[in-house]
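What follows is one structure encoded as structure tokens, with my remarks underneath.
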Amino acid sequence: MTRQIAAHIARTQFGQIMERAVQNDERFVVDRRGEPAVVIMSVASYLQKIAPEDKALKAMRDNAARAGLDKL
């Protein structure tokens, strides 16, 4: 679900907005002077819907995890 909010509301309630984005998978379009400026959404939602992981990169990540090379 996408909600439109004013910039001053986003500024004063940023923590609550972040929590709702993560927990409820909500998106917020923040407008400044009536014009949409930015979108706030969870990283999980972004990766799933906007920038899905490349298949080759996923395969490399899975191979590294199996070999135990995914830890710092």
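Computed quantities for the displayed model
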read-out	value
Largest-first ordering by accessible area, 1.4 Å probe, given options Met18, Met1, Met60	Met1, Met60, Met18
Charge dipole (debye, nearest 20) of the chain; +1 at Cβ of Lys and Arg, -1 at Cβ of Asp and Glu	60 debye
The chain - share of DSSP beta bridges that are antiparallel (%, nearest 5)	50 percent
Given (1) 3, 16, 25, 25, 18, 9, 3, 1, 0; (2) 3, 15, 19, 16, 12, 10, 9, 9, 5, 1, 0; (3) 3, 11, 24, 25, 18, 10, 6, 3, 1, the label whose value is P(r) over Cα pairs in 5 Å bins from 0, in percent derived from this model	(2)
Protein accessible area in the chain, 1.4 Å probe - carbon and sulfur %	56 percent
Solvent-accessible area of Arg32 with every protein chain in place, 1.4 Å probe, in Å² to the nearest 10	150 Å²
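The values are calculated or read from the model by the stated rules, or taken from the named source; none is laboratory data. Values in this document were obtained by computation on a predicted structure and should not be read as measured data. Cβ coordinates were reconstructed from backbone atoms using ideal geometry, including for glycine residues, and neighbour counts include every protein chain displayed. Ligands, DNA and RNA are stripped out before the accessible areas are found, and what is left, the full protein with its side chains, is counted by its heavy atoms. Shrake-Rupley method; radii C 1.70, N 1.55, O 1.52, S 1.80 Å.
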